[in-house]
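Peer 1: Encoded as C-alpha cells, here's the structure I'll be asking about.
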Amino acid sequence: MIDLSVHIGSLALQNPVMTASGTFGYADEFKEICDLNDIGAIITKTVTPHPRPGNPPRRIVELPYGMLNSIGLPNVGVESFIIEKMPFLQTLKTNVIINVAGTDEEGFVFCVQRLEDVSGIAGYELNFSCPNVKGGTSFSSDPGIAERVTRNVRKTTRRPIIAKLTPNVTSISEIGRACENGGADAVSAINTVVGMAIDIKTRRPRLSTGTGGYSGPAIKPIALAKVFELSRCLSIPVIAIGGIACAEDAIEFLIAGATAFQVGTVNFYEPDATMTIKKGLEYYCQKNNIQKIADLIGSIQLKEMAK
Ligand code: SIN
C-alpha cells in the first residue's frame, strides 16, 4: 500500500487530490461518476453573502488548449447554500472545503461567520482572485488587503484557511507572504490568467465582459513556475492549481513543492479525472519505489539550474 496522505495545516488529506472550486459544482453532480469519498478534499463553487445571478452570456469560450470563462460567481448566497447544498455535503466522509468570497472585505468574514456553526466543513478557501467580477482580484493584488482580510477571517474561525491567489500580479510571493502573515494555513495558486478572445466577423469580444479567466492545459507551465516560487518563499503549504489534467501533471507540481493539488478544467471534459489521477499517482509511486507520496513534495533537483 502506498501512503498518499498529506497535511495542510491541521487538515489531514487521505491523498493530495482536491477539486478546484467552480469545476465540480457542489459534488452531488459527480456522485454517479466518482467515488467522492476517495477524493482528498472537495472544494465547492464560491459562496457569497447574498445570491448572485452571475454575468450575462456569453460566459464560456472553448479554445484549443484551454477555456476562457467569465461566469461571475453565480450562487444562491450563504443562507440558501446552508439549506440547499450543505445537507448532501454533510453526508460525505472526505474533507469539504467551502470557497467563499465577498464583494468587499467584510463579505469574507460574513460568510465564514455564518458557516462557523455548520457541521461537516473542514475549512475555507478564500477566493481572493476572481478576475470576472468588479474588484475580484483586488484581494490578492495588494498585500495590505490580502493580509488584512486573511487576519480578519482568522479571528473568526479556527478551521483551516486557504487563500486562493491570482497570477495576474507582479510578485505572487509578496501576496503569499502577506496571507501567511495574516494567518492563512495554506495558499492555493493559481486562479485563472486574464485572457480575451475576439470574434473576427463581428469584431466583438467573445465574452460578454470582454475579458475573462483562462484555464486548462495552456496555463500549466505558468502555474508550475508560480507554485515553485511560492513554495520556496513560504513556510505554509502551497496547493497547486492550473492545467492539471493527468497524474504526470500533478507529479510535476508535487516535485516543484506543492503539498496537494486541485483538479479543475479537466472535470468538464473528463469528469472522472480525479479518480484517474489518484490511480496514476499510486502507479507512479509503485513504479518508482516511493512508499510515501509526501517524500515527493519539493524533491526537485536544482543543482545544475543556471539561475
Ligand atoms: C467565476 O465564477 O467567474 C469564476 C470564479 C473564479 O475565477 O474565481
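The values are calculated or read from the model by the stated rules, or taken from the named source; none is laboratory data. From a predicted model like this one, the values you see are computed outputs, not experimental measurements. In this analysis, Cβ positions are derived from the backbone assuming ideal geometry, glycine residues included, and neighbour counts consider all displayed protein chains.
Peer 1: Restricting to the range 146-182, count the residues that are under 18 Å from the mean Cα position of the chain (by Cα), within 16 Å of E105 (Cα to Cα) and surrounded by fewer than 19 Cβ atoms within 10 Å (Cβ to Cβ).
Peer 2: 0
Peer 1: How many residues, within the range 281-307, are surrounded by fewer than 16 Cβ atoms within 10 Å (Cβ to Cβ), in a loop (DSSP other than H, G, I, E, B) and at pLDDT 95 or above?
Peer 2: The number of residues fulfilling the criteria is 6.
Peer 1: Taking S129 and the conditions (1) assigned to a helix (DSSP H, G or I); (2) under 28 Å from T170 (Cβ atoms), which numbered condition does it fall short on, given that it satisfies the others?
Peer 2: Result: S129 passes all but (1).
Peer 1: Can I ask one more? I want to confirm something. Restricting to the range 1-25 and keeping residues that are among the hydroxyl-bearing types (S, T, Y) and surrounded by fewer than 20 Cβ atoms within 10 Å (Cβ to Cβ), which single residue is modelled with the lowest pLDDT?
Peer 2: If we take residues in the range 1-25 being among the hydroxyl-bearing types (S, T, Y) and surrounded by fewer than 20 Cβ atoms within 10 Å (Cβ to Cβ), then S10 is modelled with the lowest pLDDT.
Peer 1: Looking only at the range 27-85, which residues are crowded, with 21+ Cβ neighbours inside 10 Å, among the polar types (S, T, N, Q), assigned to a loop (DSSP other than H, G, I, E, B) and within 11 Å of the ligand (Cβ to nearest atom)?
Peer 2: T46, T48, S70
Peer 1: Spot the failing condition for L73; the list is (1) on the phi < 0 side of the Ramachandran plot; (2) under 16 Å from the mean Cα position of the chain (by Cα), and only one is missed.
Peer 2: (1)
Peer 1: If you check T192, T274, T265, which single one turns out to be more than 16 Å from the ligand (Cβ to nearest atom) and among the β-branched types (V, I, T)?
Peer 2: Unique residue meeting the criteria: T274.
Peer 1: Right, next: Taking I121 and the conditions (1) without any contact (Cβ under 8 Å) to a residue 40 or more places away in the chain; (2) of a type outside the set (D, E); (3) buried (at least 20 other Cβ atoms within 10 Å of the Cβ); (4) not in a loop (DSSP other than H, G, I, E, B), which numbered condition does it fall short on, given that it satisfies the others?
Peer 2: (4)
Peer 1: Condition check: touching a Leu at 6+ places or on another chain (Cβ under 9 Å), farther than 25 Å from D3 by Cα, basic (K, R) and not in a loop (DSSP other than H, G, I, E, B). Does K278 satisfy that? Give the steps one after another, and end with the answer.
Peer 2: Values: touching a Leu at 6+ places or on another chain (Cβ under 9 Å): yes; farther than 25 Å from D3 by Cα: no; basic (K, R): yes; not in a loop (DSSP other than H, G, I, E, B): yes.
When the stated conditions are applied, K278 does not pass them.
Peer 1: Still on this structure: Just to be sure I understand, how many residues within the range 179-217 are within 21 Å of R58 (Cα to Cα), among the aliphatic types (A, V, I, L, M) and in contact with a strand residue (DSSP E or B) (Cβ under 7 Å, 6 or more places away or on another chain)?
Peer 2: The total comes to 6.
Peer 1: Can you tell me which residue within the range 217-244, out of those that are within 13 Å of the ligand (Cβ to nearest atom) and outside any helix (DSSP H, G or I), is farthest from G66 (Cα to Cα)?
Peer 2: My answer is I241.
Peer 1: Since Q113 meets every condition but one in (1) under 21 Å from G9 (Cα atoms); (2) buried (at least 20 other Cβ atoms within 10 Å of the Cβ), which condition does it not meet?
Peer 2: Q113 satisfies all of (1) under 21 Å from G9 (Cα atoms); (2) buried (at least 20 other Cβ atoms within 10 Å of the Cβ) except (2).
Peer 1: Within the range 87-107, track down each residue that is more than 15 Å from S21 (Cα to Cα) and either in a helix (DSSP H, G or I) or aromatic (F, W, Y) (or both).
Peer 2: Scanning the range 87-107 gives P87, F88, E105, E106, G107.
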